[in-house]
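The values are calculated or read from the model by the stated rules, or taken from the named source; none is laboratory data. Small disclaimer: the values here were computed from a predicted structure and weren't measured. Glycine also receives a Cβ, built like all others from the backbone with ideal geometry; neighbour counts cover every protein chain displayed. Just the protein is used for accessible areas: all its heavy atoms, side chains included, with ligands, DNA and RNA removed. Shrake-Rupley method; radii C 1.70, N 1.55, O 1.52, S 1.80 Å.
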Amino acid sequence: MGLTKLQKATLILYEDEREKFLKELQDLEMFHITDSRSSPLVDEYPDLIPDKKLTDKEGEEIFNKIGRVVEIFKPHSNNKGILGQFIDLKTGISPERYKTIVKNFDPDEIMEICKWDDRLYHLHNQLTEFEEKKEFYEEWKKMKTPIVKLEEVKNVIVKIYKIKGKLEDLEEALKDIPVDYSIVFKNTAKIGIVFFIYKGFEKEFNEIISEYGAESVDFRDRERSPKEIFSECRSKMKEIESEISGISKKLLKKSSEFEKYLVLYDYFLSRIKRTEVLNKTLMTKNVFFIEGWIVENSKDVLEKLVSSYRGVDLTWVKPRKDERPPVKLENNKLSEPYEVLTGLYAYPKPNEVDPTPYISLFFAFFFAFCLTDAVYGIALIAISFFLLPKLPEGRKYLWIFIAGGIMTIFAGSLTGGWLGNNLEVAFPAFSGIVKFRNKLMLFDPFKNPLNFLKLSLGFGVLQIGAGLIIAMKERIRKGNYLDAIANEISWFLFFIFVGIGYTKGIKIFIYLGFLPILTILLFSWRSNSWIKQIAKGGFRLFRGLIGFLGDILSYSRIMALGLVTAGLAMSVNILVMIVRDLFPVIGPILAVLVFILGHTFSLAINTLSGFVHTMRLQFAEFFSYFYEGGGEKFEPFGLENRYTRIET
Amino acid sequence: MNGFWIAMAGVGVAALLTGIGSSIGVGIPARAAAGVLSEQPERFGRTFILVVLPSTQGFYGFIAAMFMMMKLGMFSGSVNFDMEVLEGIRYLMAALPVAILGLVSAIHQSLVCTSGVELAAKQPEATMRVVIFAVMVETYAILGFVTSFLMINAIG
């Protein structure tokens, strides 16, 4: 348990062997490549950093096109279901299929899909244009003569307007001007009119028409009649729609091969990474100097790989003094799932303790008492087992839920939670459960909430005590004995003395409690100046006393969440009882529905709350005593799997 | 003045204020999430967690209200309609911690969740870290709930 032993290595790689070797190294997924350019080596060899960044231009170009193809097909191929909404599900693929897809890769096919998409985009734009045009000319489609033809009439000016007001009023206003007109269309909102005005009367006409709020209409295409343009729009739209339908069909057909494009996406991403990773290394024109780490047990695998290349040299080296190796967690099967929680907070520093095994001791217990319902526990286990084969990406989380579910059965039995404490209220047929429930029940959270509070705070004392012990162990491991005595050991002694003093009423123990307090004040922080040392020690003492109290009180959330689960389950049962008795025939059917939906909702919301609050207790309260984090995760140079997962 | 109706006011205040807090609290990040989903529909799962977080305060208030109703004998049919005014006031006072802290913390939590929604859009892998920050705000609603619960329990 703890951190895996890693060995540092340097690889000298010649350009001739670069691609082949890096591909094999990538397939192995064992070697973590460090950024040599941010190491002190750069000061010694500044010339080993080239001016230009290395890029795989061809690979990037194809990758961008494939990325586009994936985006095109995503809406057609969203078959991830509800689970896919919550977790990034990857497509499982066999190594053989992966190889076949890569082998049969045809760049022209990708180009063609992109061209179809371009064409589709262009056609949709055209369609919108024609739609707007058609909509505009639809009102004027009765006009069979082009505007230029009308304008050929001598001494007449042609103007087209849409008017809102009454036509009779306009006629009255225009009666003294030599104007003729023709109504093209008339609807409830507007009237479309073509006016023929004798030359020389335009000014008077304009003055009158402006008073009527008329809207001048400008036909951009004056050479053809509105009727002709309207018909043309219709036929063009039909043509475009038919072409769109043809391309869409072709795309839909190709979308059945979505998996192929996902594989190609990941393949080309991996290929780009092979070049990009070299930008971390020092290099000359033909030689790359790669530094990295490998798990000590896997050294021979790397040696074997290197031995098959003449242009690659491997040297096992000691890390520099200031160098911090990456961190790889190593835990037993029971603790391993909790590594995701450690990763969520921060990976440990190389010389720090891995908190994962300790989280695994407490997490399931605390989560269980947040949920406090045995049937919810059983449901959680069943759901998690059902999802395990479907969700390889969430495997660790599911195991956490399984462990939590098992403990929840235990917690539910102790607190009498079997789909609430009143299942018999909803279904009298279950009244036999009362005896069984009472037999196992230690306390009823609603009747004895103080017992639940004591239990929750007890969990706090236990976990914070464990935090102090781990911190003490760590100080001793690093040889800081005085620090351990003046901090954690003193706090333990203080609580033991004061505890015995008060519970047994022995005064001498209370006085003895001052000894560890004095030790903390004087020695918990060491400095060259006594004044500084005491001042900081005083601060530690104060912060410690307040901190313990605050941290332990924070565990009362376990009781609160447990009560919420129990209360919500009880409410659902009461609601079921009300619905059942409300309607004579449909009532019982509705009651079953309310029962299922209510408890499903209660399970979902309380599992979420229980999980995040238990996580918070680990991060904010427990870790503050012994864990800082900040290490770099060991991430071996390997294949990219943004969308796919190679099934072995 | 009848004590029973004062106690009922306590029941109402616990459920009402926390309910208001939660509905406002869920509404604010939900609007931000809707904006994110318009461009990144695949972010639904991650934004969903942040949107539902401020809904818990409503449950704290609801459970406190239910506990008060239980204490008042509303489920067992033994309601004391002639309750003394002072006892009614006790119920009302007991409802205040969960009601006020629930209301305020749900709204503040929603602001953290809204920032989280924006973060989830840019860095989905960092979502759970924001969830932890949001849970920090909820601590005070929990303390309010525990206080109310113990106060209600202490009433005769």
Practice item. Restricting things to alpha carbons, tell me how big the range A:364-443 is in terms of Rg and Dmax, in Å. Key: 14.0, 43
Review point. About its Cα centre, what dipole magnitude does the protein assembly as shown give when the only charges are +1 on Lys and Arg Cβ and -1 on Asp and Glu Cβ, stated in debye to the nearest 20?
Key: 2080
Practice item. Would you mind working out the accessible area per residue for chain A, using a 1.4 Å probe, and quoting it in Å²? Key: 53
**Study point:** Residue (of A:Leu3, A:Leu22, A:Pro50) at the positive-pole extreme of the range A:1-51, dipole from beta-carbon charges
**Key:** A:Leu3
Practice item. May I ask for log10 I(q)/I(0) of the range B:3-154 at q = 0.08, 0.15, 0.20 Å⁻¹, from a Debye sum over the Cα atoms as equal point scatterers with solvent left out? Key: -0.28, -0.71, -1.01
Review point. Quick one: what do you get for the range A:163-218 if you divide its Cα Rg by 2.2 N^0.38 Å?
Key: 1.06
Point to revise | Sorted largest first, extent of the protein assembly as shown alpha carbons per principal axis (Å) | key: 125, 96, 62
Review point. What FRET efficiency comes out for the pair A:Ile157/A:His122, r = Cβ-Cβ distance, R0 = 25 Å, nearest 0.05?
Key: 0.05
Revision key, fill the gap. Output for the range A:163-232: GluC sites (Glu not before Pro) sitting in coil per DSSP, at most 14 other Cβ within 10 Å, listed by number, reads A:Glu223
Study note, to complete from the structure: Projected convex hull area of the range A:353-492, Cα atoms, direction-averaged, in nm², equals 11.2
Revision key, fill the gap. Expected integer from the mean partner chain Cβ neighbour count at 10 Å over B:128-135 is 5
Practice item. State the Cα centre-to-centre distance between the range A:150-202 and the range A:519-592 in whole Å. Key: 81
**Study point:** Percent RCO, i.e. relative contact order, over chain A, from Cα pairs under 8 Å lying at least 6 residues apart
**Key:** 23
Check your understanding: How far, in nm, would the chain grow between A:Thr284 and A:Leu388 when pulled straight, counting 0.36 nm per residue and subtracting the alpha carbon separation?
Key -> 32.6 nm
Study note, to complete from the structure: Quick numbers on the range A:261-415, Rg and Dmax over C-alpha atoms in Å, give 22.2, 71
Exercise for review: In debye, nearest 20, what is the charge dipole magnitude of the range A:92-161 about its Cα centre with +1 on Lys and Arg Cβ and -1 on Asp and Glu Cβ, if you could check?
Suggested key: 400
Check your understanding: For the range A:149-154, what does the Karplus curve 6.51 cos²θ - 1.76 cosθ + 1.60, with θ = phi - 60°, yield as ³J(HN,Hα) per residue in whole Hz, taken in order and with x for Gly and Pro?
Key -> 5, 5, 6, 5, 5, 5
Revision key, fill the gap. Quick calc, A:Val434 & A:Ile534: beta-carbon distance into FRET formula, R0 56 Å, rounding 0.05, result 0.35
Point to revise | FRET efficiency, A:Glu15 to A:Lys74 (Cβ-Cβ, R0 45 Å, nearest 0.05) | key: 0.70
Review point. How much length, in nm to one decimal, is gained on full extension between A:Leu252 and A:Lys53, taken as 0.36 nm per residue of separation minus their Cα-Cα distance?
Key: 67.7 nm
Check your understanding: Which value, in debye to the nearest 20, describes the size of the charge dipole of the range B:3-154 about its Cα centre when Lys and Arg Cβ atoms bear +1, Asp and Glu Cβ atoms bear -1, and nothing else is charged?
Key -> 220
Check your understanding: Relative contact order for chain B: what is it in percent, counting Cα pairs under 8 Å that are at least 6 residues apart?
Key -> 38
Revision key, fill the gap. The answer for A:Ile160, listing residues at least 5 apart or on another chain whose modeled amide H is closer than 5 Å to its amide H, is A:Phe195, A:Val217
Exercise for review: With a 1.4 Å probe on protein heavy atoms only, work out how much accessible surface B and A bury together, total over both chains, in Å² to the nearest 100.
Suggested key: 2900
Point to revise | Surface/4 of the Cα convex hull for the range A:419-472, nm² | key: 4.8
Check your understanding: If you take all C-alpha pairs in the range A:128-193, what percent of them are over 16 Å apart?
Key -> 57
Exercise for review: Would you give the gap between the C-alpha center of the range A:447-493 and the C-alpha center of the range A:614-648, rounded to a whole Å?
Suggested key: 25
Study note, to complete from the structure: So, with points 7 Å from each Cα along the Cβ direction, the B:Phe133-A:Leu334 label distance in nm works out to 3.7
**Study point:** With every protein chain in place, chain A: carbon and sulfur % of accessible area (1.4 Å)
**Key:** 59
Check your understanding: Rounded to the nearest 500 deg cm²/dmol, what is the calculated helix-only ellipticity per residue at 222 nm for chain A, with -39500 (n - 2.57) per DSSP H run of length n ≥ 4?
Key -> -19000 deg cm²/dmol
Exercise for review: In whole Å, largest first, what are the principal axis extents of the Cα atoms in the range A:431-551?
Suggested key: 72, 35, 21
Point to revise | Between the range B:121-146 and the range A:313-328, the Cα center-to-center distance that results, in Å | key: 38
Review point. In nm², what is the average projected area of the convex hull enclosing the Cα atoms of the range A:189-230?
Key: 4.1
Review point. Which residue, chosen from B:Leu53, B:Ala126, B:Ala106, occupies the Cα position most advanced towards the positive end of the dipole of the range B:3-154, where the dipole is computed from +1 (Lys, Arg) and -1 (Asp, Glu) charges on Cβ about the Cα centre?
Key: B:Ala126
Check your understanding: Rg (Å, one decimal) plus Dmax (Å, integer) for the alpha carbons of the range A:210-294?
Key -> 29.7, 86
